[in-house]
Amino acid sequence: MLAFAFSRALQAIPVVLVVGLIAFALFAYVGDPVLIMLGQEHTEAQRKLLVEQLGLDQPFYVQYVRYIWAVLHGQLGISYSFGRPVAQLIAGRLPATLELASVAAVFAVIPAIPLGLFSAIRPRNLLSRGILLVSLLGVSAPTFMIGLLLILGFSVALGWFPSFGRGQVVQVGRWWTTGLLTGSGLRAIVLPALTLGSVQMSFIVRLMRAEIIRALQADYIRFARARGLPERSLYCVHVCRNALLPVVTAAGLQLGNVLAFSVVTETVFQWPGLGLLFISAVRGADIPVMSAYLMLAGLGFVAINLSVDLAYHAIDPRLRIPHLGASSES
Amino acid sequence: MTISKTDGPRQLAWLTRLKRSVLLSSFGASPAAMLSAALITLFLLNAIFAPFLVPQDPSDLRSLNLTDSLKPPAWMADGVWGYPLGTDGQGRDILSAVMYGARTSLGFGLAALALASLLGIPIGLIAGYTGGFLDSVLMRVADTQLTFPPILIALLLDGIGRAVLSRSMQQSLQPLWVVLAIGVSLWPQFARLVRASTLVERGKDYILAARLVGVSRSRILALHILPNIGSPILVFAAINLSFAIVAEATLSFLGVGLPPTEPSLGTLIMTGNDFLLSGEWWMSLFPGLALMSLVMAINCLADSFQDRLHISPG
């Protein structure tokens, strides 16, 4: 197990370095940082000084190593549009996005598993067909359309939830602001979290259904039926345990997409998180923010993939036997 | 010798092939697939004939009438039948805007898809056929890109475009850049699928035979392997077409896609979004419904093809 974890972590390192290289290339070569920092009017001496200070006269690989070193120390450069350190900007926005993503995950997973199970067990039931149709809609419909429809229904027509912002937030500790402790904050998170969760939920429902249908055809289920096990324990104990494995993996890998969809969701609801920071950076060509986001997202995705891999390995004992593992992976 | 003589039997052979085709027979089996196919046909016809069908040319400012601005759809209290789906803040007919927008969305989706397959298919073929060092380098690149969701890649490329190009150049190149950003964001999926199928085909006897008689490598790839891995690629392309359309709509909705001078459905939804809270919902809802039905129809059809061909998603 430890050897496996080690080799997987080693495989992840080149990916991080390549992403870092691209982030660095963006940072150093797209646009002229000296021009942007000094403005149009400056003397040659000023320019030279800044070039030396920034280390831009050093060879490429030295700059790259320095960049990685700085990133590892949490120095991500200074935003062109805000004029503040990128790390500080990101730290300020991170709580909003993490809260949104966690609430969305709760909204997604809790209904998705029973719905998927039900639609697999009773495929001809009218409700199952409904579930399937809605999940197809959830997978196909663009995220921003789901958000707009929710705003239209619950903000404009019914007036139950606010359509933008994070409500009132409370400072917790030094680094964290939370909206989950105030009434307006709780009301504000409902619609964005539903929007962000809907994609995840539809995805999990469809996958869950497919996996359970597959598990139901397995020999051990037929045997369990032949033993006369009651349906309830059959589904809950035997089917679910085996069907949940791939679902957990795929849902974990989907976390990366949540980050992407959060950009859209946060724009629709003007949610002051990382996604909104990123999209304003794209609009304003704010390269330091973009490259920091790239770096951060890359690290996040690699970490997610790695932990999903390890979790899968830990949950599924078949993978620990080398020759069996190869066949069950395909 | 006349052309019609040689053409006759050939056409008939085509017809019988079409009748026996697996793809076509899957329509009969599923009403949802038939409905989707009808919807897609409708969108295609609209894409071709929209300029002749629209009640009003939305890009022609002279045809706009400011007194007709912000009309609700015709069936509502204030609506007029001249504007069946209402008008926007400048008196633009929403139906006409949606028809043109659907055309733009479909066109840009197809263009981005074409770029993705132009990049991904040759790379996948070469990687799968040659193997070795080149293969591992290409696939490493693809894997690294695949760690990121495609829409993030497209957004990032879009932002780089803004930083690299001067303002005037950026504005004129923006539509092209959108195609580039989405196309590049999608190539690794194609490359992976094509590579996997090529690996299977590579070992088969007919390829061996072709190599033995000295057929060149590029000819083997283009004329022997590619046609034999065609059907999974087509289904995969269909799924990715809906993704490309959504990606373009998303970029445009976020304000970094197509400019308002060339509005796609996403652009229309974005401009309509500003009016949503004041109760003028029709400006964003109708383009949204058009977008959703287009994407759903493509997905549904691709799903039924996939079931029929027993292809598991790449």
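Can you say whether residue A:175 is open to solvent by 20 Å² or more (accessible area, probe 1.4 Å) and within 30 Å of residue B:286 (Cα to Cα), as far as the supplied structure shows? It is false that residue A:175 is open to solvent by 20 Å² or more (accessible area, probe 1.4 Å) and within 30 Å of residue B:286 (Cα to Cα).
Of the residues making up the range B:282-301, none is β-branched (Val, Ile, Thr) and under 19 Å from residue A:269 (Cβ atoms). Of the residues in the range B:104-113, at least one is in contact (Cβ under 8 Å) with a residue 12 or more places away in the chain, over 21 Å from residue B:233 (Cα atoms) and within 14 Å of chain A (Cβ to nearest Cβ).
When B:270, B:296 are checked against the criterion of being aliphatic (A, V, I, L, M), touching a residue at least 40 places away in the same chain (Cβ under 8 Å), open to solvent by 10 Å² or more (accessible area, probe 1.4 Å) and under 27 Å from residue B:88 (Cα atoms), a single residue qualifies: B:296.
Residues of the range B:131-162 that are facing chain A (nearest Cβ under 7 Å) and open to solvent by 30 Å² or more (accessible area, probe 1.4 Å): B:160, B:162. The requirement of being at pLDDT 90 or above, away from chain A (no Cβ under 12 Å), surrounded by fewer than 21 Cβ atoms within 10 Å (Cβ to Cβ) and out of contact with any helix residue (DSSP H, G or I) (no Cβ under 6 Å at 6 or more places or on another chain) is not satisfied by residue B:176. Please work out if residue B:277 is within 26 Å of residue A:262 (Cβ to Cβ), out of contact with any Leu (no Cβ under 9 Å at 6 or more places or on another chain), within 8 Å of another protein chain (Cβ to nearest Cβ) and among the aliphatic types (A, V, I, L, M). Answer is yes for this residue. Scanning the range B:84-103 finds one or more residues that are open to solvent by less than 30 Å² (accessible area, probe 1.4 Å), modelled with pLDDT of 85 or more and within 16 Å of the chain's Cα centre (by Cα).
Pairs meeting the criteria (first residue in the range A:73-102 and touching a residue at least 40 places away in the same chain (Cβ under 8 Å), second residue open to solvent by 60 Å² or more (accessible area, probe 1.4 Å) and in a helix (DSSP H, G or I), beta carbons under 6 Å, at least 6 apart or on different chains) are A:80/A:36. The set of residues in the range A:71-93 being open to solvent by 60 Å² or more (accessible area, probe 1.4 Å) and assigned to a helix (DSSP H, G or I) consists of A:72, A:88. Between B:187, B:177, the distinction of being in contact (Cβ under 8 Å) with a residue 60 or more places away in the chain, more than 20 Å from residue A:295 (Cα to Cα) and of a type in the set (Phe, Trp, Tyr) belongs to B:187 only. Among the candidates A:21, A:49, A:26, A:38, the residue that is modelled with pLDDT under 75 and not basic (Lys, Arg) is uniquely A:38.
When each of B:247, B:290 is tested for being surrounded by 24 or more Cβ atoms within 10 Å (Cβ to Cβ), closer than 30 Å to residue B:172 by Cβ and within 11 Å of chain A (Cβ to nearest Cβ), the lone residue that passes is B:247.
Only a single item in (1) open to solvent by 50 Å² or more (accessible area, probe 1.4 Å); (2) assigned to a helix (DSSP H, G or I) is not met by residue B:214, and it is number (2). Suppose the filter is at pLDDT below 85 and either among the hydroxyl-bearing types (Ser, Thr, Tyr) or closer than 24 Å to residue B:250 by Cβ (or both); does residue A:128 pass it? For residue A:128, the condition - at pLDDT below 85 and either among the hydroxyl-bearing types (Ser, Thr, Tyr) or closer than 24 Å to residue B:250 by Cβ (or both) - is met. When residue B:125 is tested against (1) surrounded by fewer than 15 Cβ atoms within 10 Å (Cβ to Cβ); (2) in a helix (DSSP H, G or I); (3) not acidic (Asp, Glu), just one condition goes unmet, and that condition is (1). Of all the residues in the range A:257-296, those that are under 11 Å from the mean Cα position of the chain (by Cα), farther than 22 Å from residue A:74 by Cα and facing chain B (nearest Cβ under 10 Å) number 5. Residues considered: B:233, B:269. Of these, the only one that is within 12 Å of another protein chain (Cβ to nearest Cβ) and at pLDDT 85 or above is B:269. When the test is whether a residue is without any contact (Cβ under 8 Å) to a residue 60 or more places away in the chain and open to solvent by 10 Å² or more (accessible area, probe 1.4 Å), residue A:186 passes it.
The values are calculated or read from the model by the stated rules, or taken from the named source; none is laboratory data. Keep in mind it's a predicted model, so treat the numbers as computed, not measured. Please note: Cβ atoms are built from the backbone with ideal geometry, for glycine as well, and neighbour counts cover all protein chains shown. Remember, those area values only see protein heavy atoms, side chains included, never the ligands or the DNA or RNA. Shrake-Rupley method; radii C 1.70, N 1.55, O 1.52, S 1.80 Å.
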